[in-house]
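J.: There's a structure below that I have some questions on.
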Amino acid sequence: MRYDAIIVGGGACGLMCAVQAGFLGKHVAVLEKNDKIGAKILISGGGRCNYTNLYTEAVHFNSQNEHFCKATLAQWTVNDTINFFETYGIRGQEKTLGQLFPISNKAKDIVSVFSKLLRELGQDVYLHADVTAITKNQQTGDFTVSYKQSGQIQTLAARTVVMASGGLPVAKLGASDFALKIAEAFGLAIVAPKPALVPLTITGKDAEWFSALAGNTVFCKVSNERISFEENILFTHWGLSGPAILQISSYWNPGEHIIIDLLPRKQFSKWIQEEREKGGKRMLLQLLQDHFTKKFAEALGKFLPITKKIASMSKQEAQQAHQLLHHFEVKPAGTKGYDKAEVMRGGIDTAELSSQTLEAKKCSGLYFGGECVDVTGWLGGYNFQWAWASGYVIAQHI
């Protein structure tokens, strides 16, 4: 059977592309290697699906070309996402920092929208379809897509192929680097992929200290030379997690330090001075417990003279306390890898794609969208917005 387009991957980008193509009267096939579409959508946000962010802008995406995503995001806006889902019965509710979730808190409702529309539009979905090869006939311009299903190799033909097969995170859902391999086969450059939005590990002499604090959360400002985030961090048995750590991980490289301000927007030296003016009878531990849990305040005793009364602290000790609390330096050993990563950073080099259509410049009819492209959003619905937008844009041009 010959289609207007073959879409490899039945995730957020592929599903939106198939539906939008259907609205334009185009007949497409979606090849999905899992037993159902939208597998990653279903587990996102703890099964609740943070499907966009109200404040989405290009600045919220990490890429070697920080301007590349602007054209795509302008063609399909956050309002377009909201209106699309509202049209099909999904109303959103804002949680933290612009994150929009379905009022039902059920990711399956998002997938159901696509399932229904694909049926109504007559789009074909092939499940358990593991794509093995994509070739192009240079004379006719047609693509042949080979896939394995029920132990048999099958083929489909189309003038257009859309690679929307995602990235490397969550291997149990069939994640792979297949899109990157196809890109390389057609001569496209790749930005080295790495886990993103992922917990960071701590090893060595400080590992026990971090592990002992497992379960404690602290609101912090986490930064490096490139960027900073103010959100909670979570101490774990292996190191650090929590929203601020996941965010900074997309901008962290092995061997680098991160700086944690444990008291953002506050001045610990000022509090010490105020305590001195009151007589300084309280211990440093008591002052710390005004702002941290008892367990965390006591843990800081490894670095600070927490049993000293404020009045007895030297100027140097006070400065050291201020420096530690506002400039806590950590050198992670690594990340928890793709299995614990929300997304992949890196991917197909944006220089290889048209920013207006997402078509490969070196191969007409070959498109790349979603996570496999070197456009990585922050935590909080940004990656879904990129997926919906890139799926929409591609559909307009296939």
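J.: Return the residue satisfying two criteria in turn: it lies in segment 18-42 and is surrounded by 24 or more Cβ atoms within 10 Å (Cβ to Cβ) and in a loop (DSSP other than H, G, I, E, B), and of such residues it is nearest to the chain's Cα centre (by Cα).
T.: Only one residue tops the list, namely Gly38.
J.: Related question: In segment 378-388, is there at least one residue being farther than 30 Å from Ile43 by Cβ, modelled with pLDDT of 95 or more and touching a helix residue (DSSP H, G or I) at 6+ places or on another chain (Cβ under 7 Å)? Steps first, please.
T.: Initial filter on segment 378-388 (farther than 30 Å from Ile43 by Cβ): none.
No, segment 378-388 contains no residue that is farther than 30 Å from Ile43 by Cβ, modelled with pLDDT of 95 or more and touching a helix residue (DSSP H, G or I) at 6+ places or on another chain (Cβ under 7 Å).
J.: Considering (1) outside the structural domain of Leu300 (by TED's automatic domain parsing); (2) β-branched (Val, Ile, Thr); (3) farther than 23 Å from Gly377 by Cβ, say which one Ile190 fails and leave the rest.
T.: It is condition (3) that Ile190 fails.
J.: Can you pull out every residue in segment 253-267 that is over 24 Å from the mean Cα position of the chain (by Cα) and of a type in the set (S, T, N, Q)? Give the derivation first.
T.: Of segment 253-267, the ones over 24 Å from the mean Cα position of the chain (by Cα) are 262-267.
Across segment 253-267, the qualifying residue is only Gln267.
J.: Taking the stated definitions as given, is Asn216 among the polar types (S, T, N, Q) and out of contact with any strand residue (DSSP E or B) (no Cβ under 6 Å at 6 or more places or on another chain)? First the steps, then the outcome.
T.: On the way: among the polar types (S, T, N, Q): yes; out of contact with any strand residue (DSSP E or B) (no Cβ under 6 Å at 6 or more places or on another chain): no.
Here the answer is no, as Asn216 does not meet what is asked.
J.: In segment 244-255, is there at least one residue being part of a strand (DSSP E or B) and surrounded by 13 or more Cβ atoms within 10 Å (Cβ to Cβ)?
T.: no
J.: Further question: Failed condition for Ala192, given (1) more than 29 Å from Ala244 (Cα to Cα); (2) modelled with pLDDT of 95 or more; (3) among the small types (Gly, Ala, Ser), with all others met?
T.: In the conditions (1) more than 29 Å from Ala244 (Cα to Cα); (2) modelled with pLDDT of 95 or more; (3) among the small types (Gly, Ala, Ser), Ala192 misses (1) alone.
Table: residues versus (1) among the small types (Gly, Ala, Ser); (2) not in a helix (DSSP H, G or I).
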site: Ile7; (1), (2): no, yes
site: Met16; (1), (2): no, no
site: Ser44; (1), (2): yes, no
site: His67; (1), (2): no, yes
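J.: Same structure again: Provide a single number: the residues in segment 328-362 that are among the aromatic types (Phe, Trp, Tyr) and either surrounded by 21 or more Cβ atoms within 10 Å (Cβ to Cβ) or closer than 20 Å to Asn383 by Cα (or both).
T.: Start the filter on segment 328-362 by keeping residues that are among the aromatic types (Phe, Trp, Tyr), which leaves 328, 338.
Checking which are either surrounded by 21 or more Cβ atoms within 10 Å (Cβ to Cβ) or closer than 20 Å to Asn383 by Cα (or both) leaves us with 338.
Looking only at that region, the number is 1.
J.: Now for a different question. Just a yes or no: is a residue in segment 358-368 more than 30 Å from Gly215 (Cβ to Cβ), in contact with a Leu (Cβ under 9 Å, 6 or more places away or on another chain) and of a type in the set (Phe, Trp, Tyr)? Quick ask: steps written out before the conclusion?
T.: Taking segment 358-368 and keeping what is more than 30 Å from Gly215 (Cβ to Cβ), we get 358-368.
Narrowing the set further to residues that are in contact with a Leu (Cβ under 9 Å, 6 or more places away or on another chain) leaves 359-363, 366-368.
Add one more test, that the residue is of a type in the set (Phe, Trp, Tyr), and what stays is 367-368.
Yes.
J.: Look through Ala58, Ala74 and report the one residue that is without any contact (Cβ under 8 Å) to a residue 24 or more places away in the chain, surrounded by fewer than 21 Cβ atoms within 10 Å (Cβ to Cβ), more than 21 Å from Tyr147 (Cβ to Cβ) and in contact with a Leu (Cβ under 7 Å, 6 or more places away or on another chain).
T.: Values: Ala74 fails: in contact with a Leu (Cβ under 7 Å, 6 or more places away or on another chain).
Only one candidate passes the filter, namely Ala58.
J.: Right, here's the next one. Scan segment 340-364 for residues that are in a loop (DSSP other than H, G, I, E, B) and either of a type in the set (Gly, Ala, Ser) or in contact with a Gly (Cβ under 7 Å, 6 or more places away or on another chain) (or both) and jot them down. If you could, list the steps in order and put the result at the bottom.
T.: Going through segment 340-364, the residues in a loop (DSSP other than H, G, I, E, B) turn out to be 340-342, 349, 354-358, 361-364.
If the condition is that a residue be in a loop (DSSP other than H, G, I, E, B) and either of a type in the set (Gly, Ala, Ser) or in contact with a Gly (Cβ under 7 Å, 6 or more places away or on another chain) (or both), then Ala341, Ser354, Ser355, Leu358, Lys362, Ser364 are the ones that fit.
J.: Also, quick follow-up: Could you grab me the full set of residues in segment 363-398 that are in contact with a strand residue (DSSP E or B) (Cβ under 6 Å, 6 or more places away or on another chain) and surrounded by fewer than 24 Cβ atoms within 10 Å (Cβ to Cβ)?
T.: Once the filter is applied, which keeps residues that are in contact with a strand residue (DSSP E or B) (Cβ under 6 Å, 6 or more places away or on another chain) and surrounded by fewer than 24 Cβ atoms within 10 Å (Cβ to Cβ), segment 363-398 yields only Leu366.
J.: Let me ask another. Within segment 137-165, work out how many residues are of a type in the set (D, E, K, R) and under 22 Å from Gly391 (Cα atoms). Show your work before the answer.
T.: Quick first cut of segment 137-165, residues of a type in the set (D, E, K, R) only: 142, 148, 159.
Filter again for under 22 Å from Gly391 (Cα atoms), leaving 142, 159.
Qualifying residue count for the region: 2.
J.: Restricting to segment 102-146, give me the number of residues that are assigned to a loop (DSSP other than H, G, I, E, B), modelled with pLDDT of 95 or more and among the β-branched types (Val, Ile, Thr).
T.: 1
J.: Another one. I'd like to know if segment 297-320 contains one or more residues that are under 19 Å from Lys194 (Cα atoms) and either of a type in the set (Phe, Trp, Tyr) or assigned to a strand (DSSP E or B) (or both).
T.: Restricting attention to segment 297-320, the residues satisfying the condition of being under 19 Å from Lys194 (Cα atoms) are none.
No, because not a single residue in segment 297-320 is under 19 Å from Lys194 (Cα atoms) and either of a type in the set (Phe, Trp, Tyr) or assigned to a strand (DSSP E or B) (or both).
J.: Go through (1) within 23 Å of Ala18 (Cα to Cα); (2) free of Cβ contacts under 8 Å to residues at least 40 places away in the same chain; (3) surrounded by fewer than 17 Cβ atoms within 10 Å (Cβ to Cβ); (4) not small (Gly, Ala, Ser) one by one and return the number of the condition Leu173 breaks.
T.: Only one criterion in (1) within 23 Å of Ala18 (Cα to Cα); (2) free of Cβ contacts under 8 Å to residues at least 40 places away in the same chain; (3) surrounded by fewer than 17 Cβ atoms within 10 Å (Cβ to Cβ); (4) not small (Gly, Ala, Ser) is unmet by Leu173, namely (2).
The values are calculated or read from the model by the stated rules, or taken from the named source; none is laboratory data. None of these values were measured; they are calculated from a predicted model. So basically every Cβ, Gly included, is an ideal-geometry build from the backbone, and we count neighbours across all protein chains shown.
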